[in-house]
There are 2 protein chains.
Amino acid sequence: MTEPAFRILARDPSSPARAAILTTSHGAIETPCFLPVGTRGAVKGVEFDRLEEWGCRAILSNTYHLMARPGREILRSAGGLHAFLGWTRAILTDSGGFQVMSLSSRRRITEEGVEFRTPEDGTKNFLSPELAMELQSEFGVDIAMALDVCPPFPAERREVEEACRVSAAWAVRSRESWRGAGLLFGIVQGGTHEDLRRESARRTVDLAFDGHAIGGVAVGEPKDSIRAVTAFTAPLLPEEKPRYLMGVGTPADLLASVRSGVDLFDCVLPTRHGRMGHAYTRTGEVTIKHHRFREDLSPLDAECSCPVCRRHSRAYLRHLFVVGDFSAPMLLSIHNVFFYLDWMKRIRRAIGEGSLAALAAPPEGNIPEGA
Amino acid sequence: MTEPAFRILARDPSSPARAAILTTSHGAIETPCFLPVGTRGAVKGVEFDRLEEWGCRAILSNTYHLMARPGREILRSAGGLHAFLGWTRAILTDSGGFQVMSLSSRRRITEEGVEFRTPEDGTKNFLSPELAMELQSEFGVDIAMALDVCPPFPAERREVEEACRVSAAWAVRSRESWRGAGLLFGIVQGGTHEDLRRESARRTVDLAFDGHAIGGVAVGEPKDSIRAVTAFTAPLLPEEKPRYLMGVGTPADLLASVRSGVDLFDCVLPTRHGRMGHAYTRTGEVTIKHHRFREDLSPLDAECSCPVCRRHSRAYLRHLFVVGDFSAPMLLSIHNVFFYLDWMKRIRRAIGEGSLAALAAPPEGNIPEGA
């Protein structure tokens, strides 16, 4: 008998949270884990050297975007995604379900798959569960995702039902056609409807995936709703397999979801907000351009040991943002990604020590949407 | 008697090139040396940690820009420029002469100084030699520059003569008013006119500055002309003091100028061209977006040991540029600055070994102006 890929090391006495090791062919991932997002193959503004130095074990990339550019052939001739990126640790790829939604004005979903035009050059493309599996297998990813249909929020219940129906059929086809060396995760949909989530979880779990994702969250619904869906759905997923909450969230969201039993996360917030000038800190979110930081000679976060906080003040970073220096978004992205990875370390340590109940999340700020 | 700040360690038998140590209160600078440009206080796209790791001993910043933003008071309250930037090694600041030229539609030069409006917000400012000295002293820079008038190219001879006349007067006032702890360098002007250069050099040298700069080059004149002016002017400057060629140039320009006896350089090329997608390599300049790099799995430079070349291929970097990923200009800037610093190391080593004559510069490519 082979060792299971997912091995639970410690359980939190106060919640379903657990610390575990997820073994992949590109190294072990300690969970709960945050995967920095490299949609197109780079974690924007953060060198891979830094990620390694900080103990980052896995990044997320995107099948849909990689299929469009650089394209399948180049990835194949490079010898797979790891070789193409120059990243030797684990890679999880989303299959494209979320992108199908976000490009909804240009796509047509049929029973067979999804037809869409790439926004950049209008090229006609077609993605089916079989192709999504073939691509991820060819890319050589460590964790592949089944192809799903991710309904937006708000959506008619009928629309969510239909997305669940097609996702369930595609989950079967994804499972059956998967020939990759990596793990394959199924995705639970169902929007904010408990009965649909329950039904989707049941059908997904039946397919014996290597892990399960909670999809269709962080698509525009209120934050409370994301947390409620997560708290409701996570326990429906087998506890001996990893649970992955897609596209969520703030440091506080991550802690709340860990307490619901989630193991894996990805989110664009640390890099996207970093580029926009928002920094995550132990005391809340800092919008660095604000006039009040003009003469603030303290670091972004007084306890942070990231390369930015070890060296630079808020006043300096504000200055760089105000003058529009290219380094400004880079430095905030570096801090934010470090902060997220460090936050997950603190969460893992607290689970290991049985002290998770006492861990307080940073207060949530009021970063304006799209600011 | 105190040790001289500039100590020559080795001389090239084939040219006026020399290897030396320039001592500052923030560490010793091995020359010939390239100073990465941090006009507004950051070397765009390159972390200070990286610069330190690569042995960079000094950066350049700009009095004119720092005076405008963040402004004198913030730098004062931070405890000087080093503290504000979080950079503990040497800093050289240009005084503003070059910026006065590049903002020429908005400035008025009088005997007293230069009146200008900051392009960002139209604030009226005034810079005199005395104020330029006061600011650089207050900033606590290691090498300060006299305030000069830098005529553009092309310019009427009369205009260059007038710039020389005012620069000479301002040099006297700069020298007399300098109270800083750092070194003060005078600047030779004179455009492409040998007699004016000679006269400016004589008057500058008479003032017993700690070092001398060749200014007013790289202002639009042909490359051959830059090299000719440098070759002509450098020997007019005392050989026991450091010589600094302002704002030049390509790796080949740097080698040619070292062979004329120049010790210090700064240039925006590695960062600016990096952001535009141009990389410097041992085999010439690479415009990474070019279709021919689409499947090129080799690094930018096969012999380069920078963090980018150790990990990434041209195909990957091209892909990031094509999709407009924020990491793309960052990664090319990292490579280019490393390449420049490494190139100077190779030059210093060759001088030390007496083999400079045999050192070949990378071929110069055809990077289109403003591309």
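The values are calculated or read from the model by the stated rules, or taken from the named source; none is laboratory data. Model, not experiment: these values are computed from the prediction. Quick reminder, even Gly has a Cβ in these numbers, built from the backbone with ideal geometry, and neighbours come from all protein chains shown. Quick note on the areas: whole protein, heavy atoms, side chains included, nothing else; ligands and nucleic acids left out. Shrake-Rupley method; radii C 1.70, N 1.55, O 1.52, S 1.80 Å.
Computed quantities for the displayed model
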| quantity | calculated |
| --- | --- |
| Flag for B:Val262 being closer than 30 Å to B:Leu320 by Cβ and touching a strand residue (DSSP E or B) at 6+ places or on another chain (Cβ under 7 Å) | no |
| Residue match in the stretch A:176-190 (condition: of a type outside the set (S, T, N, Q), open to solvent by less than 60 Å² (accessible area, probe 1.4 Å) and at pLDDT below 95) | no |
| Yes/no for B:Ile21 being open to solvent by less than 10 Å² (accessible area, probe 1.4 Å), modelled with pLDDT of 95 or more and of a type outside the set (Ser, Thr, Tyr) | no |
| Single residue of B:Ala328, B:Ala279 found to be surrounded by 24 or more Cβ atoms within 10 Å (Cβ to Cβ) and away from chain A (no Cβ under 14 Å) | B:Ala279 |
| Failed item in (1) at negative phi; (2) out of contact with any helix residue (DSSP H, G or I) (no Cβ under 9 Å at 6 or more places or on another chain), with A:Gly220 passing the rest | (1) |
| Residue in the stretch A:124-135 that is small (Gly, Ala, Ser) and under 23 Å from A:Ile59 (Cα atoms) present | yes |
| Given (1) in contact with a strand residue (DSSP E or B) (Cβ under 9 Å, 6 or more places away or on another chain); (2) open to solvent by 40 Å² or more (accessible area, probe 1.4 Å); (3) in contact (Cβ under 8 Å) with a residue 40 or more places away in the chain, number of the condition B:Pro16 does not satisfy | (1) |
| Some residue of the stretch B:205-213 being touching a Cys at 6+ places or on another chain (Cβ under 8 Å) and either within 17 Å of B:Val100 (Cα to Cα) or not in a strand (DSSP E or B) (or both) | no |
| Residue that is touching a residue at least 60 places away in the same chain (Cβ under 8 Å), touching a strand residue (DSSP E or B) at 6+ places or on another chain (Cβ under 8 Å) and in a loop (DSSP other than H, G, I, E, B), where the choices are A:Gly247, A:Gly220 | A:Gly247 |
| When residues of the stretch A:305-321 are limited to those that are within 7 Å of chain B (Cβ to nearest Cβ) and not small (Gly, Ala, Ser), the one most open to solvent (accessible area, probe 1.4 Å) | A:Arg311 |
| The stretch B:233-251: number of residues that are touching a helix residue (DSSP H, G or I) at 6+ places or on another chain (Cβ under 9 Å), open to solvent by less than 20 Å² (accessible area, probe 1.4 Å) and not basic (Lys, Arg) | 8 |
| In the stretch A:288-304, residue nearest to the other protein chains (Cβ to nearest Cβ) [restricted to those that are touching a residue at least 24 places away in the same chain (Cβ under 8 Å) and open to solvent by 50 Å² or more (accessible area, probe 1.4 Å)] | A:Arg294 |
| Flag for B:Gly27 being away from chain A (no Cβ under 14 Å) and in contact with a Phe, Trp or Tyr (Cβ under 6 Å, 6 or more places away or on another chain) | no |
| Count of the stretch B:183-212 residues which are aliphatic (A, V, I, L, M) and in contact with an Asp or Glu (Cβ under 8 Å, 6 or more places away or on another chain) | 4 |
| Any hit, the stretch B:338-346, residues being within 13 Å of another protein chain (Cβ to nearest Cβ) and buried (at least 23 other Cβ atoms within 10 Å of the Cβ) | yes |
| Elements of type strands (runs of 3 or more DSSP E) in the stretch B:101-158, at least 1 residues being open to solvent by 50 Å² or more (accessible area, probe 1.4 Å) | B:107-109, B:114-117, B:124-127 |
| A:Thr31 being at pLDDT 95 or above and touching a Leu at 6+ places or on another chain (Cβ under 9 Å) | yes |
